[in-house]
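These notes concern the structure reproduced below.
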Amino acid sequence: MGKAGYRKNGIYGQREKNGDSVNMGMFEKILYTLNKKIQLTDYELTVDRNLPEDGLRIVQVSDVQSEYFGESQSFIKETVREIEPDLIVLTGDLLDRNRKDFTAAMDAAEGLTDFAPVFYVDGNHEMDISFDETRAFYAELAAAGICILFDKAHTVPVRGGRYFVSVMGLSEATVFHAHGQSGGTGRKERRRYQDASVITQTIHRLAGESGARGGSDADGASTAGDKRNLRILLSHEPQLIEYYAHPAIDLVFTGHAHGGQFRLPGGRGLFAPDQGIFPKYTQGVHRCGKTQMIVSRGLGNSRFPLRLNNRPEIVQVIVKAPC
Ligand SMILES: [Fe+2]
């Protein structure tokens, strides 16, 4: 299979869609396991907010890149279902600019609301596809009950309204604007941050708005603006951590780095987009001020179709208040 075939169908072609590893050769089976079998990564984080004693469970699915993980995305759905999450966050690159069929992305997203409220921000790949092509995709996401947060904040009740989480989303359009790129024009014109202030201004506004909408508790008292709500930000690109740090933002969920594609002995990633060789932010939890940022290695690949020592990842974060 040539390079164009990789880009169009993924390295496993139709088998990728059907989750079929039965008829593969030994080498192909090893590659399949390394690139398709999902690893669940757990983090337990402490945040001084109003949280259930057993911890709030947030699941992050990132960088699907229009690939399949099991038949009809069964590996993703089974992993998420077993966690019984309180909240699910999708942090961009559900689509891939090189794969114009959006079915795999919709198969991954649709039905997740059966498990918990789902929130979404886009990534650079969605931005690199034309607005006309993505319009129908976003309409389908919304119809599936997924809350799209393009520079918006929304407060959601969890655990039967006993707790509230304020979720903010930084759109990739704002990140592109900071880069001096309007989007939909391809990455060649992308430049380093010409005007990063647009990011900090948006973060500041979202932090102020977070908690402005929501519901009421069992006694009818408004809890939407409660400063004790957990506040999380969704944004695709981790290398912008210094702009995300804000006293009102507890956690940031990011992806984009694909774990550095190849993880070297010792656990260091080799390359990540917008960070280059030996990138700093490829996985794990990073702190800037009081803000903690989670970087998912994500699930899929883009131009380069293989991962090494870097299994596709779904992240579970259990957030607890200090004892
Ligand atoms: Fe990305």
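Run down ILE129, ILE146 and say which single residue is in contact with a Phe, Trp or Tyr (Cβ under 7 Å, 6 or more places away or on another chain), surrounded by fewer than 23 Cβ atoms within 10 Å (Cβ to Cβ) and of a type in the set (A, V, I, L, M). Write out each step before concluding.
Details: ILE129 fails: in contact with a Phe, Trp or Tyr (Cβ under 7 Å, 6 or more places away or on another chain).
The conditions single out ILE146.
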Note to self: Quick check on my filter: what residues within segment 78-114 are within 13 Å of the ligand (Cβ to nearest atom) and within 15 Å of the chain's Cα centre (by Cα)?
What the structure shows: LEU90, THR91, GLY92, ASP93, LEU94, LEU95, ASP96
Next item on the list: Test LEU87 against the criterion of being buried (at least 21 other Cβ atoms within 10 Å of the Cβ) and touching a residue at least 60 places away in the same chain (Cβ under 8 Å), and give yes or no.
Entry: yes
Margin query: Looking at ARG287 and the list (1) in a loop (DSSP other than H, G, I, E, B); (2) away from the ligand (no atom under 15 Å from the Cβ), which single condition is not satisfied?
Written below: (1)
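Identify all residues within segment 50-67 that are more than 16 Å from the ligand (Cβ to nearest atom) and either modelled with pLDDT under 95 or of a type in the set (S, T, N, Q) (or both); write none if there are none.
Of the residues in segment 50-67, the ones more than 16 Å from the ligand (Cβ to nearest atom) are 50-59.
Within segment 50-67, just ASN50 meets the criteria.
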Check: For segment 248-279, which residues satisfy the criterion of being closer than 30 Å to VAL167 by Cα, touching a helix residue (DSSP H, G or I) at 6+ places or on another chain (Cβ under 8 Å) and part of a loop (DSSP other than H, G, I, E, B)?
Finding: ALA248, ILE249, GLY255, HIS256, ALA257, PRO273, ASP274, GLN275, PRO279
Notebook entry, point to check: All but one of (1) out of contact with any strand residue (DSSP E or B) (no Cβ under 8 Å at 6 or more places or on another chain); (2) more than 15 Å from the ligand (Cβ to nearest atom); (3) without any contact (Cβ under 8 Å) to a residue 60 or more places away in the chain; (4) not aromatic (Phe, Trp, Tyr) hold for GLN275; which doesn't?
Noted result: (2)
Note to self: Please list, ordered by residue number, the strands (runs of 3 or more DSSP E) wholly in segment 53-161 having 2 or more residues that are within 16 Å of PRO312 (Cα to Cα).
What the structure shows: 56-61, 87-91
Item checked: Among residues of segment 204-247, those that are away from the ligand (no atom under 16 Å from the Cβ), modelled with pLDDT of 70 or more, out of contact with any helix residue (DSSP H, G or I) (no Cβ under 8 Å at 6 or more places or on another chain) and not in a loop (DSSP other than H, G, I, E, B), counted -> 9
Note to self: Need pairs with beta-carbon distance below 6 Å; first residue among the aromatic types (Phe, Trp, Tyr) and within segment 257-269, second assigned to a loop (DSSP other than H, G, I, E, B); sequence gap 6+ or separate chains.
What the structure shows: PHE262/LEU270
Check: Mind checking which residues of segment 115-132 are farther than 18 Å from MET168 by Cα, in contact (Cβ under 8 Å) with a residue 24 or more places away in the chain and more than 14 Å from the ligand (Cβ to nearest atom)?
Finding: PHE115, SER130, PHE131
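The values are calculated or read from the model by the stated rules, or taken from the named source; none is laboratory data. Note that the coordinates shown come from a computational prediction; the quantities given were computed from them, not determined experimentally. Positions of Cβ are backbone-derived with ideal geometry, glycine not excepted, and every protein chain shown enters the neighbour counts.
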